[in-house]
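Chemist: Handing you this structure, nothing more for now.
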Amino acid sequence: MASLVEQIRTAGVVGAGGAGFPAHVKAEARVEYIIANGAECEPLVHKDLEVMIHHAAEIVEGLRLMMEATGAPHGVIGLKRKNQAAVEALTAVVKDPRLTIHTLGDFYPSGDEYILVHETTGRLIPPQGIPLDIGVVVNNVETLYNVARAARGVPVTEKFITVAGAVKTPSTFVAPVGMSYRDAIAVAGGVRARGTAVFVGGIMMGRLVSDLDAPITKTCAGLIILPDDHPLVRRMAQPEPVMHRIGKSACDQCTYCTELCPRYLLGYDVQPHKVMRSLGFTKTGKAFWSQYAALCCACGLCTLYACPENLYPKEACDSAKGRMKEEGIRWSGPMEVKPHAMHAGRRTPLKLLMKKLGVTEYDVPSHFLQGPQQAGMVRLPLQQHIGQPARPLVSKGQTVRAGEPVGEIPPGQLGARVHASISGVITEVSADIVIEAEA
């Protein structure tokens, strides 16, 4: 019988809640804790909540399997205590004394890996480190659901997503991987009015898109639809040079962006207000001030909540991190991490954040639609994960069945398999595999 590592690899499981790290690599580690991350904190996104309510048994099974594979004696499920339906569903199936449920407050960004690890274990990840450095592996709850299915030979061909905001029937549902944003929005009843914009992944850490024919991938948490005249849309639509020019001319170094930064409050030397200084310096000055962005998690709280002048410190940090990567500059600041005395007192309540963002009117239940949704065509990117793109296994004109592999991990490379999410005919093989459903 194949090992769990091989079963996960064969099924193409990747992180379902973030950058898409291939899950079989984490299953090869030796750690003390496996943490199931259900601390969903993106405003209006509820897909993890629905996975926990409707598939608690699979999540717990995936957690148990990962513990066995890694030798971890402890398993922890982290989720918000406000989500009582999920707490109850998980409590009902947690029978193993090695497993615990840890409830969190309703603050942003409770799902940040560094914060969640500290909340559940008391441990602090070293600067620019990963949970593995302190004997921890973190998996999104949907990832663990997929691990349990992989152990039964079921590949990843579906994705839980939320479609919310300015749509007629905000919903959470299971979509075939590769379904277009346009089709997913139609499942939620379509938009309420003409002139809307789409955020993929969320309004805090997601991205604003214009191509509605782009596909849902294994990492997509959801689509948030807002009117195109909404302040968030206007802000996100600004070109980066304009953001930096505004910051260079208007930042008065008030330090609010730093004082409310979740990573700074946890003890990491992230200081967005100092990164803002880099906008006004030459190459030498930029290199110095950019260091204060190295440990930024890009949660967006500084830009969208803390700054009283509505500037763009998060985008300045993004630019600084990109510049450091290009020039091969590594973090050289303090390695000691000690939480700020006010780290628990300055947390940002999610309700207050949504009020500041101007999305309170859209804060309604995104009801779960039973059963997988259908698509007449899917577009499957060969890279939906960290690492190298998958290598195509099919050719144009070929007929495939749902679940059949269409992309393989290149030999000796970090990557993930890609599988057909519908049965049909291959109509394109490029960076994407396009399948049109059989009539």
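Chemist: Neighbour counts of other C-beta atoms within 10 Å: give me Thr70, Thr162 arranged from fewest to most.
Modeler: Working: Thr70 22, Thr162 28.
Least to most surrounded, the residues fall as Thr70, Thr162.
Chemist: Under unit Cβ charges (Lys, Arg +1; Asp, Glu -1), what dipole magnitude, rounded to 20 debye, does region 4-150 have relative to its Cα centre? Each step should come with its number before you reach the end.
Modeler: Numbers: 12 positive and 18 negative charges, 41 e Å.
So the magnitude is around 200 debye.
Chemist: Further, regarding this structure: Take each of the peptides 40-49, 354-363, average the number of other beta-carbon atoms within 10 Å over its residues, and list them starting from the highest. Numbers along the way, then the final one.
Modeler: On the way: 40-49: 25.4, 354-363: 15.2.
Per-residue Cβ counts within 10 Å, averaged per peptide and sorted highest first, yield 40-49, 354-363.
Chemist: Fully extended, how many nm does the chain gain between Ala341 and His367 (0.36 nm per residue separation, minus their Cα-Cα distance)? Walk me through the intermediate numbers first.
Modeler: Working: separation 26, 0.36 × 26 = 9.36 nm, distance 3.96 nm.
Contour length minus the Cα-Cα distance gives 5.4 nm.
Chemist: Can you spot the aspartates and glutamates whose alpha carbon is less than 15 Å from Lys95's alpha carbon? Ignore those fewer than 8 places along the same chain.
Modeler: Excluding near neighbours in sequence, the set is Glu58, Glu61.
Chemist: Dipole of region 5-45 (Lys/Arg Cβ +1, Asp/Glu Cβ -1, origin at the Cα centre): which of Gly38, Ile8, Ala19 lies farthest to the positive side?
Modeler: Farthest along the dipole direction, towards plus: Ile8.
Chemist: Filter the cross-link list Lys82/Lys351; Lys321/Lys351; Lys286/Lys356 down to pairs whose alpha-carbon distance in this structure exceeds 20 Å. Write down the numbers at each step before the final one.
Modeler: Values: Lys82/Lys351 12 Å; Lys321/Lys351 30 Å; Lys286/Lys356 31 Å.
With Cα atoms farther than 20 Å apart: Lys321/Lys351; Lys286/Lys356.
Chemist: Determine the dipole magnitude for the chain: charges of +1 sit on the beta-carbon of Lys and Arg, -1 on that of Asp and Glu, nothing else is charged, the reference point is the Cα centre, and the result goes in debye to the nearest 20. Each step should come with its number before you reach the end.
Modeler: On the way: 45 positive and 42 negative charges, 161 e Å.
It works out to roughly 780 debye.
Chemist: Per-residue ellipticity at 222 nm for the chain, helices alone: DSSP H runs ≥ 4 residues times -39500 (n - 2.57), over residue total, nearest 500 deg cm²/dmol?
Modeler: Details: 16 runs with 133 residues, N = 439.
Helices in the chain give a 222 nm mean residue ellipticity of -8500 deg cm²/dmol.
Chemist: Within the chain, what percent of beta bridges assigned by DSSP are antiparallel, to the nearest 5? Write out the running numbers ahead of the final one.
Modeler: Details: 35 of 59 bridges.
Taking every DSSP beta bridge within the chain, about 60 percent pair in antiparallel fashion.
Chemist: Can you list, by residue number, the Cys in the chain that have no neighbouring cysteine C-beta under 4.7 Å?
Modeler: So far as the 4.7 Å Cβ criterion goes, Cys41, Cys220, Cys251, Cys254, Cys261, Cys297, Cys299, Cys307 stand without a partner in the chain.
Chemist: Report the Cα centroid-to-centroid distance between region 1-70 and region 115-156 in angstrom, as an integer.
Modeler: About 7 Å separates the Cα centre of region 1-70 from the one of region 115-156.
Chemist: Please give, to one decimal in nm, the separation of the simple spin-label points placed at Leu414 and Asp228, each 7 Å out from Cα toward the Cβ.
Modeler: Once both label points are built, they end up 3.9 nm from each other.
Chemist: Right, here's the next one. Please give the length that would be gained between Ala431 and Ile130 if that part of the chain were fully extended, namely 0.36 nm times their separation in residues minus their C-alpha to C-alpha distance (nm, one decimal).
Modeler: Values: separation 301, 0.36 × 301 = 108.36 nm, distance 2.99 nm.
Separation in residues times 0.36 nm, less the Cα-Cα distance, equals 105.4 nm.
Chemist: Next question, about the same structure. Ordered by packing density, taken as the mean number of other Cβ atoms within 10 Å over each peptide's residues, highest first, how do 384-395, 305-316 rank?
Modeler: On the way: 384-395: 18.3, 305-316: 21.7.
Answer by packing, highest mean first, reads 305-316, 384-395.
Chemist: Output the antiparallel fraction of DSSP beta bridges having both residues in region 4-150, as a percent to the nearest 5. Before the final figure, lay out the partial values.
Modeler: Working: 1 of 18 bridges.
Among the beta bridges of region 4-150, antiparallel pairing accounts for roughly 5 percent.
Chemist: Work from the charge dipole of the chain (Cβ charges, +1 for Lys and Arg, -1 for Asp and Glu, about the Cα centre) and give the residue of Pro365, Tyr268, Thr217 farthest towards its positive end.
Modeler: Tyr268
Chemist: Something else: Between region 242-281 and region 206-227, what's the alpha-carbon centroid distance in Å?
Modeler: Region 242-281 and region 206-227 have Cα centres separated by 28 Å.
Chemist: Amide H neighbours of Gly165 under 5 Å, at least 5 residues apart or on other chains, H built in the peptide plane: list them.
Modeler: Sorted by chain and number, the residues that satisfy this are Ile225.
Chemist: If you don't mind, another one. Taking amide H positions as placed in the peptide plane 1.01 Å from N, state which residues far from Lys80 in sequence (5 or more) or on other chains have amide H under 5 Å from it.
Modeler: Glu40, Leu104
Chemist: Can you put Ser423, Ser249, Ser366 in order, fewest other beta carbons within 10 Å first? Present the calculation step by step, with values, prior to reporting the outcome.
Modeler: Values: Ser423 14, Ser249 10, Ser366 25.
Taking fewest neighbouring Cβ atoms as first place, the list is Ser249, Ser423, Ser366.
We did not get these values from a lab; they are worked out from the coordinates using the rules stated. None of these values were measured; they are calculated from a predicted model. In this analysis, Cβ positions are derived from the backbone assuming ideal geometry, glycine residues included, and neighbour counts consider all displayed protein chains.
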